[in-house]
Amino acid sequence: MRRRTPHAPRHAFSLDFCASVERNHHVDSPLASVQTRDVETHVYRLLILNLALQLFDGVATYQGLRLGFHEANPLLVAAFGLLGVGPALLLFKAKACGLLLLLHRATPARVGVTVLRALAAIYCVLSLGPWLGKFVSLAFAMV
């Protein structure tokens with residue numbers, strides 16, 4: 001073991017200590033691989049949830065427009081005027097799904113969990129909730 005020099009601070013880690021931590025920390029341990037698999041499974045499930053929310057949003061928007069409701073996204077409304085409703089929705093939803101897949105592949109798993117959770121929450125608040133409310137109100141109006 002190295003001796004501490006008199007001018008070294010007391011709280012400094014010695015290189016021997018750091019080396020012993022590295023020797024005792026096994027990334028390939030069974031517990032680490034189980035935790036990694038659990039996080040990766042969680043990220044995959046969140047990816048599927050976000051893709052399903054995108055699919056729901058596209059179908060709900062298309063059906064909602066057919067029933068006389070209005071789209072709240074001004075970018076999408078502008079694209080409707082240029083491309084038409086169906087092509088614009090397909091383009092926007094394909095882009096969103098592609099970005100979700102890129103996010104899934106390119107980010108560390110723990111970051112992916114946080115970002116995909118946030119995106120799912122945002123889509124639930126800004127898409128799923130409003131469209132379900134509109135469709136439920138329409139269903140009750142028919143009764």
### Task
Would you mind finding the one in L99, L53, L65 that is of a type in the set (A, V, I, L, M) and more than 30 Å from Q35 (Cα to Cα)?
L65
### Task
Would you confirm whether any residue within segment 132-142 is surrounded by 14 or more Cβ atoms within 10 Å (Cβ to Cβ), hydroxyl-bearing (S, T, Y) and out of contact with any strand residue (DSSP E or B) (no Cβ under 6 Å at 6 or more places or on another chain)?
no
#### Entry: Odd one out for L65, checked against (1) modelled with pLDDT of 95 or more; (2) under 23 Å from V111 (Cα atoms); (3) not acidic (D, E)
(2)
### Query
Restricting attention to segment 57-74, which residues are crowded, with 16+ Cβ neighbours inside 10 Å, within 25 Å of L103 (Cβ to Cβ), touching a residue at least 40 places away in the same chain (Cβ under 8 Å) and not charged (D, E, K, R)?
A60, T61
### Query
Scanning segment 100-143 for residues that are in contact (Cβ under 8 Å) with a residue 24 or more places away in the chain and of a type in the set (G, A, S), which turns out farthest from I48 (Cα to Cα)?
S127
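The values are calculated or read from the model by the stated rules, or taken from the named source; none is laboratory data. Predicted, not measured: the structure shown is a model, and the values here were computed from it. Glycine also receives a Cβ, built like all others from the backbone with ideal geometry; neighbour counts cover every protein chain displayed.
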